[in-house]
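Trainee: I am attaching a structure below and will ask some questions about it afterwards.
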Amino acid sequence: MKKTTVETSVGVFVLVGLICVGYLTVKLGKLELMGGHYYRVHARFGTISGLKVGAVVDIAGVQVGQVERISLNKDDMAADVRMKIRDDVPLTDDAIASIKTAGLIGDKYIKIQPGGSDVILQDGDRIRETQSAIDIEELIGKYVFGGVDEKVTRDKKQQPAPDAQEGERNGFTVPKI
């Protein structure tokens, strides 16, 4: 009798442990067991620069969906991003989708700025207004090497016009350079 009680206790303990592991897997992995209620919209970006499937889609800092698929549109060679958005979050046809970075070198996500239109996007519709990702490497390169461009511009400004000579011309004094 005592052996059955110990075996039953161990069995219940293992079962509770498995249920806890399953619950944590679903919650931490953001898995959906029941499918949820979503509609899909897509947007085209010139460059997505590090955006990945599963990335967060948010409005005002609140997660309202996620990136479901990324593909290349062969007609205009732009990135086509399909997002699934919660049913309780209506998007209007003048919404703007932007690719942002969480922090300086964090993950990319899509930020949606809601519009003021009365026309609500339906399943399969497209967000027409987009802003592509800012390429940090390109931005740093421009900042680091920007001094070269500035010097060239400054030198060009100091050159006199080809026909300008020292003296007075059209009522203006032309200095010697």
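The values are calculated or read from the model by the stated rules, or taken from the named source; none is laboratory data. Computed from a predicted structure; not experimentally measured. Cβ coordinates were reconstructed from backbone atoms using ideal geometry, including for glycine residues, and neighbour counts include every protein chain displayed.
Trainee: Answer with yes or no whether Asp76 is assigned by TED's automatic domain parsing to the domain that holds Leu51, modelled with pLDDT under 95 and charged (D, E, K, R).
Mentor: In short, yes.
Trainee: Oh, and also: Taking the residues in the range 127-138 that are over 10 Å from Ala95 (Cα atoms) and touching a residue at least 24 places away in the same chain (Cβ under 8 Å) as candidates, determine which candidate is surrounded by the most Cβ atoms within 10 Å (Cβ to Cβ).
Mentor: Ala133
Trainee: Given the structure, is Ile85 assigned by TED's automatic domain parsing to the domain that holds Pro114, at pLDDT 95 or above and more than 25 Å from Asp135 (Cβ to Cβ)?
Mentor: Judged against the criteria, Ile85 is a match.
Trainee: Can you name every residue in the range 70-107 that is assigned to a strand (DSSP E or B), free of Cβ contacts under 8 Å to residues at least 40 places away in the same chain and basic (Lys, Arg)?
Mentor: Lys100
Trainee: Let me ask you something else. What are the residues in the range 80-97 that are under 12 Å from the mean Cα position of the chain (by Cα) and among the small types (Gly, Ala, Ser), if any?
Mentor: Ala97, the sole residue that qualifies.
Trainee: Is the range 56-69 home to any residue that is touching a helix residue (DSSP H, G or I) at 6+ places or on another chain (Cβ under 9 Å), under 26 Å from Ile140 (Cα atoms) and not in a loop (DSSP other than H, G, I, E, B)?
Mentor: Among the residues of the range 56-69, not one is touching a helix residue (DSSP H, G or I) at 6+ places or on another chain (Cβ under 9 Å), under 26 Å from Ile140 (Cα atoms) and not in a loop (DSSP other than H, G, I, E, B), which makes the answer no.
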